[in-house]
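Asker: Dumping the structure here so I can ask a few things about it.
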Amino acid sequence: MEGLVAKGLAKSIGISNFKEQQIERIRQNCTIQPAVLQIEYHIYLQQPHLIEYCKSANIAVTAYSPLGSKGVSGLNKMAGVERELPDLLDVPVVKEIAQKYNKSEAQVLLRWIVQKGIAVIPKSTNAKRMRENKDIFDFKLDVDEVEQLNSLDANVRVVNFSFFRGVEKHPEFPF
Ligand code: A2P
């Protein structure tokens with residue numbers, strides 16, 4: 001990747017699914033520091049230490065699976081993995097806040113992430129929902145609401161890669 005930057009083929013280097021130890025190893029061995037870390041991030045997986053570490057290392061964070069990646073249950077099924085996944089759009093406090101601002105549950109989940117200074121990349125195959133997902137800049141959660149959502153952290157990882165059979169044998173697992 002550093003070679004690509006030198007050739008002008010890439011502007012910055014990003015990493016994904018790295019934990020602090022792994023980022024540290026990269027930082028100590030690289031010439032060009034990573035600009036961004038992309039990780040699963042939502043109300044049920046907040047990893048505050050990792051976020052703080054990235055801030056201190058001047059690494060931007062991008063949140064994937066901000067809405068809980070329902071599609072993962074299909075991948076799990078195909079791999080024969082039985083696992084109940086949480087429904088992030090069906091959480092009472094999220095519903096309450098959504099009602100207050102006349103916004104959808106998805107918009108509240110995304111707004112909460114943006115207010116933390118984290119970039120967010122919700123996925124949708126539906127044009128209406130894509131528009132909905134970027135229409136989050138005309139309201140602001142108050143401090144109490146942010147706190148209420150912070151308190152939902154449960155260290156639940158939806159994309160735990162169990163759909164890749166044998167992933168636990170990888171020397172860097174868990175990522
Ligand atoms: P769809 O493609 O039918 O819109 P994530 O970004 O966390 O991986 O979540 C993607 C999932 O969330 C997809 O199943 C997507 O379905 C659904 N989704 C995306 N945007 C919204 C939204 N605004 N409201 C409800 N579901 C959404």
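Asker: Please enumerate the residues belonging to segment 88-119 that are surrounded by 16 or more Cβ atoms within 10 Å (Cβ to Cβ), among the basic types (K, R) and either part of a helix (DSSP H, G or I) or within 9 Å of the ligand (Cβ to nearest atom) (or both).
Answerer: If the condition is that a residue be surrounded by 16 or more Cβ atoms within 10 Å (Cβ to Cβ), among the basic types (K, R) and either part of a helix (DSSP H, G or I) or within 9 Å of the ligand (Cβ to nearest atom) (or both), then R111 is the only one that fits.
Asker: Now for a different question. Check off (1) of a type in the set (S, T, N, Q); (2) touching a residue at least 40 places away in the same chain (Cβ under 8 Å); (3) within 14 Å of the ligand (Cβ to nearest atom) for Q22 and give me the number that stays unchecked.
Answerer: Condition not satisfied by Q22: (3).
Asker: I'm trying to understand the selection: among the residues of segment 44-98, which are touching a helix residue (DSSP H, G or I) at 6+ places or on another chain (Cβ under 9 Å) and of a type in the set (F, W, Y)?
Answerer: Y53
Asker: Next question. Given (1) within 16 Å of the ligand (Cβ to nearest atom); (2) closer than 30 Å to V81 by Cα; (3) part of a loop (DSSP other than H, G, I, E, B), where does F137 come up short, assuming only one miss?
Answerer: It is condition (2) that F137 fails.
Asker: Sticking with this one: Residue check, P122 against (1) in a helix (DSSP H, G or I); (2) crowded, with 18+ Cβ neighbours inside 10 Å; (3) in contact with a helix residue (DSSP H, G or I) (Cβ under 7 Å, 6 or more places away or on another chain), all met but one. Which one?
Answerer: Evaluating P122 over (1) in a helix (DSSP H, G or I); (2) crowded, with 18+ Cβ neighbours inside 10 Å; (3) in contact with a helix residue (DSSP H, G or I) (Cβ under 7 Å, 6 or more places away or on another chain) leaves (1) as the failure.
Asker: Output the residues belonging to segment 52-80 that are within 9 Å of the ligand (Cβ to nearest atom) and charged (D, E, K, R).
Answerer: Matches in segment 52-80: K70 only.
Asker: More than 16 Å from the ligand (Cβ to nearest atom), out of contact with any His (no Cβ under 8 Å at 6 or more places or on another chain) and not in a helix (DSSP H, G or I): does that describe F164?
Answerer: Yes: the conditions hold for F164.
Asker: If you don't mind, there's one more thing I want to ask. Within the set of pairs 6+ apart or on separate chains, which have a first residue in segment 69-86 that is hydrophobic (A, V, I, L, M, F, W, C), a second that is loosely packed, with under 12 Cβ neighbours inside 10 Å and part of a loop (DSSP other than H, G, I, E, B), and C-beta atoms under 7 Å apart?
Answerer: Qualifying pairs under 7 Å: A79/R165.
Asker: Further question on the same structure: Just checking, how many residues over segment 146-175 are touching a residue at least 40 places away in the same chain (Cβ under 8 Å) and at positive phi?
Answerer: Selection size over segment 146-175: 1.
Asker: Further, regarding this structure: If I filter segment 74-83 for residues that are in a loop (DSSP other than H, G, I, E, B) and modelled with pLDDT of 95 or more, do I get at least one hit?
Answerer: Scanning segment 74-83 turns up no residue that is in a loop (DSSP other than H, G, I, E, B) and modelled with pLDDT of 95 or more.
The values are calculated or read from the model by the stated rules, or taken from the named source; none is laboratory data. Quick caveat: nothing in here was measured; it's all calculated off a predicted structure. Cβ coordinates were reconstructed from backbone atoms using ideal geometry, including for glycine residues, and neighbour counts include every protein chain displayed.
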